[in-house]
Amino acid sequence: MLPNFQPVPNHALRLRMRRDLRSNAVCGGAISIAPSMDPSFRDMLSHLGAAHGRWQRIGRGTALHLALPITHLNQPEHAAHLDAALAGAGMVPENLHLEIEESAFALGGGVQQALEKLRGRGWQLGLRASQKPSLALDARTRTLFSTLVLQDHAPEAQAQRVDAAKAAGWAIVLCNRPDEVAPARLIAEGYDAHEARVGPMG
């Protein structure tokens, strides 16, 4: 059971719905929150609790994907703290997946070690790509992630990255799908899902 969280203003939440490009079925939700330096993860959990409560009502049993603030995962020991905080809030890998911004790797090897620890504890991980990729999809990295999230539709610039991720078995999510681009074209380019707004909270 989730603890009682303080109400969070709608503007603090960025809850979005992920839809499968082939079936248009809901395949997950996505939440990003403002960065917090609170070492107890209190602010993050408050925002996550509000979003998770809504997603349980509309998400049809699919997982919610949380974009982690970079400040919460830049040291190996942060993984144990985050794991304990999420477990204490009633979150489990079956209903919550974790995503990290690619730019976090610029902070050093602590990020990679923290992610490895989280993966070892059963959490599913996604990589949110930056505009200019700074992370090579080497063998070690490929074993950590199962999802690549791309912000914009730029097939020529992203083709090599999409191909590498697909070869590793990752799902490819497009956040900002242009209205004029048909689902069949996106599927042919390697995308599996796209994001859409969720009502006034989206």
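The values are calculated or read from the model by the stated rules, or taken from the named source; none is laboratory data. Small disclaimer: the values here were computed from a predicted structure and weren't measured. Neighbour counts are summed over all protein chains in view; Cβ atoms, including those assigned to glycine, are modelled from backbone coordinates with ideal geometry. These accessible areas exclude ligands, DNA and RNA; they are computed on the full protein's heavy atoms, side chains included. Shrake-Rupley method; radii C 1.70, N 1.55, O 1.52, S 1.80 Å.
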- Which value in deg cm²/dmol, rounded to the nearest 500, describes the helix-derived mean residue ellipticity at 222 nm for the chain, given -39,500 (n - 2.57) per DSSP H run of n ≥ 4 and division by the residue count? -9500 deg cm²/dmol
- Query: Just how much of PHE145 is accessible, in Å², when a 1.4 Å probe is used and the result is rounded to the nearest 10?
  - Reply: 10 Å²
- Checked segment 66-107 with the C-alpha gyration tensor, a ≥ b ≥ c its square-rooted eigenvalues, rounded below a/c of 1.5, otherwise prolate if a/b is larger than b/c and oblate if not; verdict oblate
- Of PRO178, ASN24, PHE145, which is farthest on the positive side of the dipole of the chain, counting Cα position, with +1 on Lys and Arg Cβ, -1 on Asp and Glu Cβ, and the Cα centre as origin? ASN24
- Message: With a 1.4 Å probe and all protein chains kept in place, how do LYS166, LYS117 rank by accessible area, largest first?
- Response: LYS117, LYS166
- Task: Rounded, prolate or oblate: pick one for segment 135-186, where a ≥ b ≥ c are the square roots of the eigenvalues of its C-alpha gyration tensor, a/c under 1.5 means rounded, and failing that, prolate if a/b is larger than b/c, else oblate.
- Result: prolate
- Shape of the chain from its Cα gyration tensor (a ≥ b ≥ c, root eigenvalues): rounded if a/c is under 1.5, otherwise prolate when a/b > b/c, or oblate? oblate
- Note on the structure: Amide H contacts under 5 Å for HIS65, restricted to residues at least 5 apart in sequence or on another chain and with H modeled in the peptide plane, are GLY29, ALA30, ILE31, HIS97
